[in-house]
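Encoded as structure tokens, the structure appears first; notes follow it.
The values are calculated or read from the model by the stated rules, or taken from the named source; none is laboratory data. None of these values were measured; they are calculated from a predicted model. Cβ placement follows ideal geometry from the backbone for every residue including glycine, while neighbour counts extend to all protein chains displayed. Calculation scope for accessible area: heavy atoms of the full protein, side chains included, ligands and nucleic acids excluded. Shrake-Rupley method; radii C 1.70, N 1.55, O 1.52, S 1.80 Å.
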Amino acid sequence: MKNTFKILLCIIIFSIGFFLLRYPTSPVYQDTSALLADIGGLTYLYSTVATIFALLAAFVILTESERWNKLNDAIRGELTELYELYLWSEHFSEKIRKQMQVNIREYVVGTIESGLLPENQERSEKISQSLKQLHENIYLAAKDTPALTENTFAIFTDLLKKRDQRLEYSALHLPKILKSTFIFSNILTIVLSLMIGVRDFWLNYVFMIAIAVLGYILYLLVDDLDNPVKPGNWQLTTEHYKTLLKRIQTEA
């Protein structure tokens, strides 16, 4: 479901609830005259709750964006190491070169087929076998061309490190208590805003719908960042792996 549709649905549901509570002829109309009489104290208390929510939201978004950046860097680093290993394979004997390039292609193809979900990656037999074969290729290459052993092993080691980092960051999520606290404070901010009495009905509606939509958009943003390899606006896909595959197939 697209985020635009979700936001529109949020606006419709909140508008129905607001009109039921605030429209004078509604059967469940809530009189706000008492709230208007004490608006000074209510706004002070509400601003305290809103400030706490703003600080929590900023912390959560910053944490998630940092993890997203680290995951993106891990993917870029893995692709760089793969291509560098492919280039180094050109310096080995014909037999080893062909085997290494085939295994690199198999690794990239396996990653594309499995997607970036860590559970799919770990279950992929194609990826596991290609990594084992690459390790064996490099071991044989060390006997064939000892002068290139150090650099080749260093590249392969970095490749494994970047892959492990990618799997780790893509599997991480916000702690449940932190995400639950964020959601609770978000809902609390929206609900408590209904207790701020405003004399003009339409002015009250505009401000209330703005608060509700903003809170919901913040939730969508956090939920999207918390699942970086699942469909969403911040999803990291296998597009760069497909680009690398085309590149090495062209150069083969």
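Some values worked out for this structure:
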{"quantity": "Single residue of the range 209-234 satisfying the filter (assigned to a loop (DSSP other than H, G, I, E, B) and open to solvent by less than 70 Å² (accessible area, probe 1.4 Å)) that is modelled with the lowest pLDDT", "calculated": "Gly232"}
{"quantity": "Test: Pro175 is surrounded by fewer than 13 Cβ atoms within 10 Å (Cβ to Cβ), out of contact with any Phe, Trp or Tyr (no Cβ under 9 Å at 6 or more places or on another chain), at pLDDT below 90 and within 24 Å of Lys70 (Cβ to Cβ)", "calculated": "no"}
{"quantity": "Residue count for the range 40-85, restricted to those that are modelled with pLDDT under 80, hydrophobic (A, V, I, L, M, F, W, C) and open to solvent by 70 Å² or more (accessible area, probe 1.4 Å)", "calculated": "1"}
{"quantity": "Filter pass, Ile138 being surrounded by 14 or more Cβ atoms within 10 Å (Cβ to Cβ), assigned to a helix (DSSP H, G or I) and over 20 Å from the mean Cα position of the chain (by Cα)", "calculated": "yes"}
{"quantity": "Selection count where residues are among the small types (Gly, Ala, Ser), part of a helix (DSSP H, G or I) and open to solvent by less than 30 Å² (accessible area, probe 1.4 Å), scope the range 178-199", "calculated": "2"}
{"quantity": "Test for Ile155: is it under 30 Å from Ile52 (Cβ atoms), part of a helix (DSSP H, G or I), of a type in the set (A, V, I, L, M) and at pLDDT 90 or above", "calculated": "no"}
{"quantity": "Residue list for the range 235-252, restricted to those being under 10 Å from Leu116 (Cβ atoms) and among the hydrophobic types (A, V, I, L, M, F, W, C)", "calculated": "Leu236"}
{"quantity": "Hits in the range 94-121 (condition: of a type outside the set (A, V, I, L, M, F, W, C), touching a Leu at 6+ places or on another chain (Cβ under 7 Å) and either surrounded by fewer than 16 Cβ atoms within 10 Å (Cβ to Cβ) or more than 18 Å from Ile75 (Cα to Cα) (or both))", "calculated": "Asn103"}
{"quantity": "Breaking point among (1) closer than 22 Å to Asn72 by Cα; (2) open to solvent by less than 70 Å² (accessible area, probe 1.4 Å), for Asp164", "calculated": "(2)"}
{"quantity": "Hits in the range 235-250 (condition: assigned to a helix (DSSP H, G or I) and within 19 Å of Glu78 (Cβ to Cβ))", "calculated": "Glu239, His240, Tyr241, Lys242, Thr243, Leu244, Leu245, Lys246, Arg247, Ile248, Gln249"}
{"quantity": "Residues being open to solvent by 90 Å² or more (accessible area, probe 1.4 Å) and either among the acidic types (Asp, Glu) or in contact (Cβ under 8 Å) with a residue 40 or more places away in the chain (or both) - total across the range 235-252", "calculated": "3"}
{"quantity": "Filter result for Ala141 (among the aliphatic types (A, V, I, L, M), in contact (Cβ under 8 Å) with a residue 12 or more places away in the chain and within 16 Å of Trp88 (Cα to Cα))", "calculated": "yes"}
{"quantity": "Qualifying residue in the range 1-10 (condition: open to solvent by 90 Å² or more (accessible area, probe 1.4 Å), in a helix (DSSP H, G or I) and at pLDDT below 90)", "calculated": "yes"}
